[in-house]
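K.L.:
Would you mind keeping the following structure in view while I ask a few things?
Taken together, the values in this text are just the output of simple stated rules run on the coordinates, not laboratory data. Since the model is a prediction, treat every value here as computed from it, not as a measurement. Note that we place each Cβ from the backbone using ideal geometry, even for glycine, and neighbour counts take in every protein chain shown.
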Amino acid sequence: MKNSTISLVVIMAFSFSAFAQTDNKLVSKKTHFKFYSHTAVEDIEANNYSSVGTININTGEIIFSVPMQSYEFEKAKMQQHYNSAKFLNTKKFPKSKLKGKISNLDDVDFKSDGSYKTNVEGELTIHGVTKKVNEEVSITVEGSNVVLNTSFKLTLADYEIAFKDGKPSTNIAKEIEITVIAEY
Amino acid sequence: MFKNKIIKTVLILFGIGLLIAGGVGFYIFNMPHRDVQSLNSDYQLSATAIVAEYLENPDGANEKYLDAEGESKILEITGKIASITTDFKDQKVILLKGDYAKAGVTCTFTEITNNSILHLKEGEEISVKGVIRSGATFDEDLEMYENVILEKCSLLNKNQS
């Protein structure tokens, strides 16, 4: 009896939050995450089109959830390496998450067209490791369309992604570039 | 004379060995991606069933469906089309979701299979084959349910099979 009361409350809370999100929460329609690694030996690129994100226009909260197995590489072998337990361990950590907040929300007007430079502070969790991030993000408003763009560098060792020996240690950059575009 | 012959044979064998090693290395380096469309599906289930399985026991479902090297299970999912959209790579994305379901299955098609679904409309019941990338969960930061993600999808013609 008690259990069912609790679950009813939980369900109600969820449905209220579902209603709330229509007012101030924008949900991404499509996204593109790209990572790019440059070394003297080779350039490696992987693309992901399946991430989901939200922007809360009242609080400035920006969230992205990234399904890690959706990263597509040109070479199948690279993709296997990337997914394996030695590197990103995507079976154990299937998703990465960015949880950030626009620190200069006053500079952004989601109701009027324009391009806004913002600063997003927050936490990035990859490979089960959470680190603080602080990146420049541009937000473009065009009618009911909102587009987010950003590009930042990431040090793999910070997320305990190690390439100790073999080909990956020489062919993958220690610092990689992540480019994000999301349309809401 | 005899010594020269041995050296010659050793050199030839060494050369052949190098060629084979090089060939294998080249093959592994350039190994093509798995062709999901031509492979048989590992599991057949409804969109509602896989969502329920993930919401009940996410760890168990990940263990069952995800592969450590990213070559995860190939699923055949049947469900009702809730929406048809296009992603940034111009790939069609069909959401299969029950009327009152909390989450569904997003099926991303490919440049090649895109054309096979142009005639489809919302509300139709279809079966799709693709590789699973991640499961359904309620994400408390997004404050919403995330769908099961299926990629490299193709439409299955149930009437003909």
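K.L.:
Roughly what % antiparallel, to the nearest 5, for the DSSP beta bridges in chain B?
P.N.:
Within chain B, antiparallel bridges account for around 75 percent of the total.
K.L.:
Restricting to DSSP H runs of at least four residues, report the calculated mean residue ellipticity at 222 nm for the protein assembly as shown, -39500 (n - 2.57) per run over all residues, nearest 500 deg cm²/dmol.
P.N.:
That comes out to -7500 deg cm²/dmol.
K.L.:
Quick one: putting +1 on the C-beta of Lys and Arg, -1 on the C-beta of Asp and Glu, what dipole do you get for chain B around its Cα centre, in Debye to the nearest 20?
P.N.:
The dipole magnitude comes to about 1360 debye.
K.L.:
For chain A, what's the relative contact order in percent, using C-alpha pairs closer than 8 Å and at least 6 residues apart?
P.N.:
Result for chain A is 22 percent.
K.L.:
Under a 5 Å amide H to amide H cut-off, with H placed in plane at 1.01 Å, what residues pair with residue B:143 once short-range neighbours are removed?
P.N.:
Residues meeting the amide H criterion: none.
K.L.:
OK, next. Quick one: grab the alpha carbon gyration tensor of chain A, order the square roots of its eigenvalues as a ≥ b ≥ c, and give me rounded if a/c is under 1.5, else prolate or oblate depending on whether a/b is larger than b/c. Intermediate values should be presented prior to the final figure.
P.N.:
On the way: a/c = 2.33, a/b = 1.42, b/c = 1.64.
In terms of gyration-tensor shape, oblate.
K.L.:
Can you run phi through the Karplus equation (6.51, -1.76, 1.60; θ = phi - 60°) for segment A:168-184 and list ³J(HN,Hα) in whole Hz, with x for Gly and Pro?
P.N.:
Rounded to whole hertz, the list is x, 5, 9, 9, 10, 5, 6, 10, 10, 10, 10, 10, 10, 9, 9, 10, 10.
K.L.:
I've got another one for you. Among A:96, A:49, A:63, whose Cα projects farthest towards the positive end of the dipole of segment A:46-146, with charges put on the beta-carbon of Lys, Arg (+1) and Asp, Glu (-1)?
P.N.:
Among A:96, A:49, A:63, the one farthest towards the positive end of the dipole of segment A:46-146 is A:96.
K.L.:
Still on this structure, please answer the following. Got a sec to turn the phi values of segment A:145-162 into Karplus ³J(HN,Hα) couplings, 6.51 cos²θ - 1.76 cosθ + 1.60 with θ = phi - 60°, whole Hz, x for Gly and Pro?
P.N.:
Once θ is set to phi - 60°, the couplings for segment A:145-162 become 8, 10, 10, 10, 10, 7, 8, 8, 9, 9, 8, 4, 4, 4, 9, 6, 9, 10 Hz.
K.L.:
Could you work out the pair-distance distribution P(r) of the protein assembly as shown from its alpha-carbon pairs, with 10 angstrom bin width and percents rounded to whole numbers?
P.N.:
Percent of pairs per bin, in order: 5, 22, 29, 24, 11, 4, 3, 1, 1, 0.
K.L.:
Could you give me the percent of Cα pairs per 10 Å distance bin for chain B, shortest bin first, beginning at zero and ending with the bin that holds the maximum distance?
P.N.:
10, 32, 26, 10, 7, 7, 5, 2, 0
K.L.:
Would you kindly derive the ³J(HN,Hα) couplings of segment A:125-130 from the backbone phi angles with the Karplus curve 6.51 cos²θ - 1.76 cosθ + 1.60 (θ = phi - 60°), listing them in order in whole Hz, with x for Gly and Pro?
P.N.:
10, 10, 6, x, 10, 9
K.L.:
So what is the relative contact order for chain B, in percent, with contacts set as C-alpha pairs under 8 Å and at least six apart?
P.N.:
Result for chain B is 23 percent.
K.L.:
On to the next question. Amide H to amide H under 5 Å from residue B:34: which residues, 5+ apart in sequence or cross-chain, H placed 1.01 Å off N in plane?
P.N.:
The list, which skips near neighbours in sequence, is empty: none.
K.L.:
On to the next question. Please list, ordered by chain and number, the residues whose modelled amide H lies under 5 Å from the amide H of residue A:133; skip anything fewer than 5 residues away on the same chain.
P.N.:
A:122, A:123, A:124
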